[in-house]
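Please treat every number below as a calculation from the coordinates, not as lab data. Just so we're clear, the structure is a prediction, and the values are computed from it rather than from any experiment. Note that we place each Cβ from the backbone using ideal geometry, even for glycine, and neighbour counts take in every protein chain shown.
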Amino acid sequence: MATINNMEKKTLFQRIMEREIPAQIVHEDEWCIAFRDIAPKAPTHLLIVPRKPIPSLDALMPEDASVVGHLFVVAKQLAAAEGLTNGYRTVFNCGQDAGQTVFHLHLHLMGGRSFAWPPG
Ligand code: AMP
């Protein structure tokens, strides 16, 4: 029963999509939504989130390939819209070692400063 309840519980990002929690939304379409990260790690820090509540990259199924591709197309468009002409970084954190904290797949788009490589 607990598992069923967890599956029915909306994710934080679904609640943003449904306007139950406020966010600075910068893009919305049939497949995804994008909004500003509440604790930005760069001058521009957006989260691009599929409407489908896929928990993480690890839970991705072959049929999700097109939506993930779409997230990158949107990332490129938003990077241009944000004026990130000098480059930017996209990141999926997956699981505990990568520091994933919200278990609804999201692509980070960060720019407006230079980034170290390798990342910490
Ligand atoms: P991750 O650590 O990869 O799971 O990323 C989750 C991101 O969600 C973090 O960068 C948080 O700052 C961000 N975040 C958490 N709550 C909110 C919120 N209510 N609105 C916007 N961004 C959020």
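Structure notes:
- Relative contact order (%) - the chain, alpha-carbon pairs under 8 angstrom, separation at least six: 28
- Note on the chain: with charges restricted to the Cβ of Lys and Arg (+1) and Asp and Glu (-1), its dipole about the Cα centre is near 340 debye.
- Once divided by 2.2 N^0.38 Å, the Cα radius of gyration of the chain becomes 1.07.
- Local electrostatic count, Met110, Cβ distance below 15 Å [Lys/Arg +1, Asp/Glu -1]: +3
- Spacing of the two label points (7 Å from each Cα toward its C-beta) at Ser66 and Val91, in nm: 3.1
- Listed residues Leu47, Leu71, Leu12, most fluctuating in the chain (Gaussian network, C-alpha, under 10 Å): Leu12
- Phi angles of the range 33-40 translate, via the Karplus equation with coefficients 6.51, -1.76, 1.60 and θ = phi - 60°, into HN-Hα couplings of 9, 9, 8, 6, 5, 5, 10, x Hz per residue; Gly and Pro are given as x.
- The relative contact order of the range 6-54, computed from alpha carbon pairs under 8 Å that lie at least 6 residues apart in sequence, is 30 percent.
- Each peptide in 36-43, 112-119 gets a packing score, the mean of other Cβ atoms within 10 Å over its residues, and the list from highest to lowest is 36-43, 112-119.
- The residue among His106, Gly95, Leu47 whose Cα reaches farthest toward the positive pole of the charge dipole of the range 46-120, with charges on the beta-carbon of Lys, Arg, Asp and Glu, is Leu47.
- Amide hydrogen proximity for Cys94: with H placed 1.01 Å from N in the peptide plane, the residues at 5 or more positions away or on another chain lying under 5 Å are Gln100.
- Efficiency of FRET between Lys76 and Val102 - r from beta-carbon atoms, R0 25 angstrom, step 0.05: 0.65
- Degrees between helix 65-81 axis and first principal axis of the chain (Cα, 0 to 90, nearest 10): 40
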